[in-house]
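See below for the structure under consideration.
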Amino acid sequence: MRYIEPHAHMVSRTTDDYERMALAGCAAVCEPAFWAGFDRSSPEGFHDYFCQLTEHEPRRAAKFGLKHFSWLCINSKEAEDVTLAAEVIALIPKFLGRPNVLGIGEIGLNKNSRNELRVLEMQVEVAAKYGQLILVHTPHLEDKLKGTRLILDVLKNDRRIRPERVIIDHVEEHTVEMVLDCGMWAGMTLYPETKCTPARAIDILDAYGHERLWLNSACDWGVSDPLAVPKTALEMRRRGHLAAAVDKVVFQNPEKFLRQSPNFKLGA
């Protein structure tokens with residue numbers, strides 16, 4: 001099969017994972033900026049990270065025939081220090097012209113704090129000012145419903161933000177409908193222990209159809225599976241979804257959203 005991995009944190013994965021993804025049919029991998037498992041202490045650390053995402057990782061992926069794209073931001077887990085966040089956000093515009101950058105992400109909320117909300121608004125401002133796509137992280141289960149509502153309010157209240165250029169990630173059964181009703185895209189993250197299992201994700205597809213929905217692994221340094229998307233595609237076939245429907249969810253949908261960025265080119 002062919003598929004796009006629209007959300008994977010490959011800086012935390014080995015080159016073996018790139019090889020396995022390529023063998024499974026991955027055409028491209030997209031890497032949002034995220035928390036490194038510890039709080040970085042300076043803008044310089046983020047500068048080096050942005051260089052890693054836009055210079056080193058594309059070369060590493062290319063060794064296995066994979067296109068690598070990235071998103072840039074300061075993650076909500078590091079957003080409590082608003083002064084540091086402002087300094088990091090000020091670095092982002094100079095990276096937006098790099099050929100693999102898709103937009104601003106994954107921004108959002110973690111604990112739904114006032115400081116996180118302020119930093120979210122600051123990064124939405126950058127996306128609006130520079131005409132960038134937006135990828136949003138929604139909080140974990142105990143705060144997901146409230147956090148998703150807060151995020152949607154921020155985005156809907158900014159008339160410069162076009163909903164079809166926003167992907168709200170980590171949706172679950174209790175948040176997917178509100179995202180789709182806003183005209184935004186919804187991403188389902190396939191985790192072995194948290195977020196959506198393949199079975200739950202397919203249940204959501206059965207309930208809401210195949211429009212403006214995609215699957216991703218969000219594989220990182222924690223318990224996660226870089227092959228979660230093709231494994232779920234196989235489970236979709238087992239449950240009776242036609243090959244065309246599977247291809248729409250795992251390839252055509254992410255391609256349709258991502259090609260709104262002029263940088264997203266798969267080539268021949």
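The values are calculated or read from the model by the stated rules, or taken from the named source; none is laboratory data. Predicted model, so just to flag it, every value in this text is computed and none were measured. Methodologically, a virtual Cβ is constructed for each residue, glycine included, from the backbone with ideal geometry; neighbour enumeration extends over all protein chains shown. SASA here: full protein model, heavy atoms, side chains in, ligands and nucleic acids out. Shrake-Rupley method; radii C 1.70, N 1.55, O 1.52, S 1.80 Å.
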Once normalised by the length of the chain, the mean sequence separation of its alpha carbon contacts under 8 Å that are 6 or more apart gives a contact order in percent of 20 percent
Among K63/K129; K77/K156; K94/K265, the pairs whose Cα-Cα distance exceeds 27 Å are K63/K129
In the stretch 171-251, the GluC sites (Glu not before Pro) that sit in a DSSP loop and have at most 14 other Cβ atoms within 10 Å of their own Cβ are E173, E193, E211
For the stretch 44-201, shape from the Cα gyration tensor axes a ≥ b ≥ c, cut at a/c of 1.5 then a/b versus b/c, turns out oblate
Calc'd 3J(HN,Hα), the stretch 222-235, phi into Karplus 6.51 cos²θ - 1.76 cosθ + 1.60 (θ = phi - 60°), Hz, glycine/Pro = x, comes to x, 5, 6, 9, x, 9, 4, 5, x, 5, 5, 4, 5, 5
Treating only Lys and Arg (+1) and Asp and Glu (-1) as charged, each at its beta carbon, one finds that the chain has a dipole about its Cα centre, in Debye to the nearest 20, of 860 debye
Simple SL model, points at 7 angstrom along Cα→Cβ for K231 and K111; separation in nm is 3.2 nm
In the chain the accessible area split gives carbon plus sulfur, as whole percent at 1.4 Å, a share of 51 percent
Taking a ≥ b ≥ c as the square roots of the Cα gyration tensor eigenvalues, with a/c under 1.5 meaning rounded and otherwise prolate when a/b beats b/c or oblate if not, the chain comes out oblate
So, with points 7 Å from each Cα along the Cβ direction, the R238-A22 label distance in nm works out to 2.8 nm
For the chain, the per residue accessible area (1.4 Å probe, Å²) is 42 Å²
Using a 1.4 Å probe on heavy atoms of the protein chains only, the accessible area for H68 in Å², nearest 10, reads 10 Å²
With -39,500 (n - 2.57) per DSSP H segment of 4 or more residues and division by the full residue count of the chain, the 222 nm estimate, nearest 500 deg cm²/dmol, is -11500 deg cm²/dmol
Stretched fully, the stretch from S42 through K256 gains (0.36 nm per residue minus C-alpha distance, one decimal, in nm) 73.4 nm
Checked the stretch 1-136 against the a/c 1.5 cut and the a/b vs b/c comparison, axes a ≥ b ≥ c from its Cα gyration tensor; verdict prolate
